[in-house]
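Report on the structure given below.
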Amino acid sequence: MSDRTTRRSRPPLPCFDVLPRRAGSRYALALTATALVAATVLATLLTPASALATRVGSDTVGGRPLSSGEITQTLAPDVAFKSGLLLTADGRELWGRRPGSERPMASITKVMTALLALENGGLDDVVTISKTAAAVDDGVGLVAGETFTVRELLELALIASSNDAAIALAERGGGTVPAFVTQMNDKAAKLGLDDTHYVNPHGLDSPGHHSSAEDIAVLAAVAMKSGEFRRIVALRSVTLPAYEKRKAEKLKATNELLATYRGMLGVKTGFTNDAGHSLVGSAERDGITLTAVVLGGATNSSRFTECAKLLDWGFKHYASQQVASATETVGSVAITANPTKSVSVRFAETTTMPVFDLAGPVTNDLTLPKTVALPVFAGQRLGEVVVTQGDTTLARIPAVAASSIASAEETVGAVPVAEYLDRAVTARAADASLTVAEFDTTRPVDRLVDLDAKVHAPIAVGDQVGEIVYSQSGREIVRVPVVAVSAVSEPGRGAKVSTWFARGWRMLTGQPTMAARVVL
């Protein structure tokens with residue numbers, strides 16, 4: 001399970017996570033191990049790589065099984081392993097093969113061991129290797145009595161897949177290995193890893209020790225949020241220092257994709273007889289991060305090639321796409337004061353985001369109010385655009401006013417004409433381009449219509465006869481001119497004299513001497 005050759009004083013053993021039981025002697029052990037290795041090599045040589053590649057009807061693409069016929073089978077990744085998953089950074093499943101199936105996870109167990117060690121803190125704390133840690137199978141050769149910092153043990157456990165380092169971390173974190181395993185299961189329950197149960201901190205095959213591709217992907221995502229964890233799993237090697245008779249040695253990372261796959265970030269390999277060759281790998285390209293889980297691969301090399309194929313497929317079909325442009329008009333909203341006028345609405349911002357091209361067309365669902373009160377400033381939020389793809393919501397983007405609107409050319413009243421007894425000019429807000437100061441749309445806006453007491457003829461269409469002042473908490477937002485809708489000519493001399501006599505009589509009899517000012 002350590003993915004490494006055992007480094008102990010006894011003769012070298014094959015790089016299995018779980019070794020055959022002793023057959024009465026080291027000679028029998030060697031024969032059994034040699035037979036297993038020979039059988040594995042022979043099977044690999046006799047089986048063409050192309051024959052292992054497969055697409056299974058129950059495989060899902062974007063949550064839809066291939067057997068449904070909704071996805072052409074040739075569009076799915078052609079990969080060979082027993083269970084796996086491909087997830088986006090926000091947890092969206094792009095592809096899956098029995099993702100909830102419980103399986104042994106081998107050294108991938110150490111992701112949880114490391115996560116708990118990091119949460120316990122004290123990376124520079126010194127740990128003394130116990131006899132129990134030094135005696136575990138598939139270690140890197142740590143010696144009872146030597147010391148390491150927690151950080152060094154984490155590097156050995158995650159990069160060299162050291163079982164002895166995992167035991168040392170468990171003893172340090174829980175006091176005893178069983179106590180630490182209890183912590184592991186408590187953490188799994190807290191994270192909602194329902195398919196996961198731990199029996200040990202290193203992952204050697206044991207009844208009841210299992211996880212699933214889905215749980216492993218979730219756990220890896222949680223662990224990768226730690227900067228120290230990310231730093232460690234990206235290392236391509238770690239140095240095992242000299243101690244007593246042991247010489248210093250540079251141990252290469254068991255994750256070979258760190259050296260060969262562009263954008264590889266980590267995370268962890270695993271192998272035992274029961275688990276097969278497994279890997280959870282995370283990679284980032286062009287701002288997109290994907291996590292692939294490969295469980296039950298046939299060979300050491302296949303887990304890396306299959307994981308790379310799965311990631312390549314993901315980056316091909318899950319790529320950045322512009323789903324909204326700030327210059328694009330998406331609708332309009334009528335002005336409350338004059339519904340025949342409206343303000344154009346656009347996306348608040350240009351939005352580019354990853355889109356899965358096998359999940360169907362991208363659609364926009366626009367929600368806007370029926371009307372909006374004046375004034376409106378450019379950029380004011382009026383509604384929302386929900387960008388969806390199938391049943392998945394990709395983004396919620398504010399819909400905003402494309403321009404400032406202070407006037408809807410609404411009628412606001414009438415202003416009397418001084419030279420006439422009963423004539424007034426209709427007053428309306430001017431159609432003018434005005435600067436509208438931004439204001440708090442959640443609070444009331446005061447509107448004051450200030451019309452002239454009277455106007456004098458002649459009056460032309462468009463002559464200003466007042467103004468509208470919008471303000472909030474005493475702060476002026478905008479002033480809108482109010483203008484005459486119609487022209488009024490100056491009365492002739494005879495009409496003036498007649499009006500003068502009529503106005504005098506009206507004053508004597510208590511009647512109005514000219515039209516009233518009206519403010520709507």
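Has the range 393-400 got any residue that is farther than 30 Å from Gly63 by Cβ and out of contact with any Lys or Arg (no Cβ under 7 Å at 6 or more places or on another chain)? Reasoning before the result, please.
Let us first name the residues in the range 393-400 that are farther than 30 Å from Gly63 by Cβ, namely 400.
Subset that is out of contact with any Lys or Arg (no Cβ under 7 Å at 6 or more places or on another chain): none.
Among the residues of the range 393-400, not one is farther than 30 Å from Gly63 by Cβ and out of contact with any Lys or Arg (no Cβ under 7 Å at 6 or more places or on another chain), which makes the answer no.
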Residue selected from the range 145-165 under the condition within 15 Å of Phe229 (Cα to Cα) and among the aliphatic types (A, V, I, L, M), by the criterion surrounded by the most Cβ atoms within 10 Å (Cβ to Cβ): Ala157
Residue satisfying all of: in the range 189-208; of a type in the set (D, E, K, R) and within 25 Å of the chain's Cα centre (by Cα); farthest from Ile108 (Cα to Cα) among these: Lys190
Quick one: in the range 388-437, of everything that is touching a Gly at 6+ places or on another chain (Cβ under 6 Å) and hydrophobic (A, V, I, L, M, F, W, C), which residue is farthest from Val465 (Cα to Cα)? Ala399
Out of the range 368-382, which residues are surrounded by fewer than 17 Cβ atoms within 10 Å (Cβ to Cβ) and in a strand (DSSP E or B)? Thr371, Arg381
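So, in the range 106-130, exactly how many residues are assigned to a loop (DSSP other than H, G, I, E, B) and under 18 Å from Met224 (Cα atoms)?
Within the range 106-130, the subset assigned to a loop (DSSP other than H, G, I, E, B) is 121-125, 129-130.
Okay, now just the ones that are also under 18 Å from Met224 (Cα atoms), so 121, 123.
Matching residues across the range 106-130 total 2.
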Can you tell me which of Leu116, Leu52, Leu86 is at pLDDT below 95 and aliphatic (A, V, I, L, M)? Leu52
For the range 257-266, indicate whether the set of residues that are under 24 Å from Val143 (Cα atoms) and small (Gly, Ala, Ser) is non-empty. no
Restricting to the range 350-365, name every residue that is loosely packed, with under 13 Cβ neighbours inside 10 Å and not β-branched (Val, Ile, Thr). Pro361, Asp365
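In the range 209-225, which residues are surrounded by 15 or more Cβ atoms within 10 Å (Cβ to Cβ) and either among the hydrophobic types (A, V, I, L, M, F, W, C) or farther than 18 Å from Met105 by Cα (or both)? Don't jump to the end; show me each part of the working.
Residues of the range 209-225 surrounded by 15 or more Cβ atoms within 10 Å (Cβ to Cβ): 209-224.
Within the range 209-225, Ala213, Ile216, Ala217, Val218, Leu219, Ala220, Ala221, Val222, Ala223, Met224 qualify.
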Contact list please: Cβ distance under 6 Å, first residue in the range 216-236 and assigned by TED's automatic domain parsing to the domain that holds Asp186, second residue in a helix (DSSP H, G or I) and surrounded by fewer than 16 Cβ atoms within 10 Å (Cβ to Cβ), pairs at least six apart or on different chains. Met224/Arg230; Arg236/Ala259
Quick check on this structure: which one of Gly390, Gly379, Gly383 is over 17 Å from the mean Cα position of the chain (by Cα) and within 20 Å of Glu476 (Cα to Cα)? Gly379
Any idea which of Ser486, Ser471 is among the small types (Gly, Ala, Ser), outside any loop (DSSP other than H, G, I, E, B) and out of contact with any Pro (no Cβ under 8 Å at 6 or more places or on another chain)? Ser471
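Does the range 62-84 include one or more residues that are of a type in the set (Lys, Arg), surrounded by 15 or more Cβ atoms within 10 Å (Cβ to Cβ) and in contact with a Ser or Thr (Cβ under 6 Å, 6 or more places away or on another chain)?
no
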Please work out which residue is nearest to Ala487 (Cα to Cα), limiting yourself to the range 438-466 and to residues that are among the hydrophobic types (A, V, I, L, M, F, W, C) and in a strand (DSSP E or B). Ile459
Please identify the pairs in which a residue from the range 323-352 that is more than 22 Å from Ser407 (Cα to Cα) and part of a strand (DSSP E or B) has its Cβ atom under 6 Å from the Cβ atom of a residue that is at pLDDT 95 or above and of a type in the set (Phe, Trp, Tyr), counting only partners at least 6 apart or on another chain. Ala324/Phe347
When you scan the range 102-111, do you find a residue that is more than 19 Å from Leu295 (Cβ to Cβ) and acidic (Asp, Glu), even just one? no
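Residues checked against (1) in contact with a strand residue (DSSP E or B) (Cβ under 7 Å, 6 or more places away or on another chain); (2) among the polar types (S, T, N, Q); (3) free of Cβ contacts under 8 Å to residues at least 60 places away in the same chain:
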| residue | (1), (2), (3) |
| --- | --- |
| Arg443 | yes, no, yes |
| Asp450 | yes, no, yes |
| Lys454 | yes, no, no |
| Ile459 | yes, no, yes |
| Asp463 | yes, no, yes |
| Ser471 | yes, yes, yes |
| Gly474 | no, no, yes |
| Ile477 | yes, no, no |
| Val480 | yes, no, no |
Whether any residue in the range 119-137 is under 26 Å from Asn273 (Cα atoms), in contact with a helix residue (DSSP H, G or I) (Cβ under 8 Å, 6 or more places away or on another chain) and touching a residue at least 60 places away in the same chain (Cβ under 8 Å) is what I want to check. yes
For the range 391-437, which residues satisfy the criterion of being more than 16 Å from Val480 (Cα to Cα), assigned to a strand (DSSP E or B) and among the basic types (Lys, Arg)? Arg396
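Determine whether the range 134-144 contains at least one residue that is within 33 Å of the chain's Cα centre (by Cα), in the same structural domain as Glu306 (by TED's automatic domain parsing) and crowded, with 17+ Cβ neighbours inside 10 Å.
Restricting attention to the range 134-144, the residues satisfying the condition of being within 33 Å of the chain's Cα centre (by Cα) are none.
No, there is no match, as no residue in the range 134-144 is within 33 Å of the chain's Cα centre (by Cα), in the same structural domain as Glu306 (by TED's automatic domain parsing) and crowded, with 17+ Cβ neighbours inside 10 Å.
The values are calculated or read from the model by the stated rules, or taken from the named source; none is laboratory data. Computed from a predicted model, the values in this text were never measured in an experiment. For neighbour counting, all protein chains shown are included, and Cβ atoms are generated from backbone atoms with ideal geometry for every residue, glycine included.
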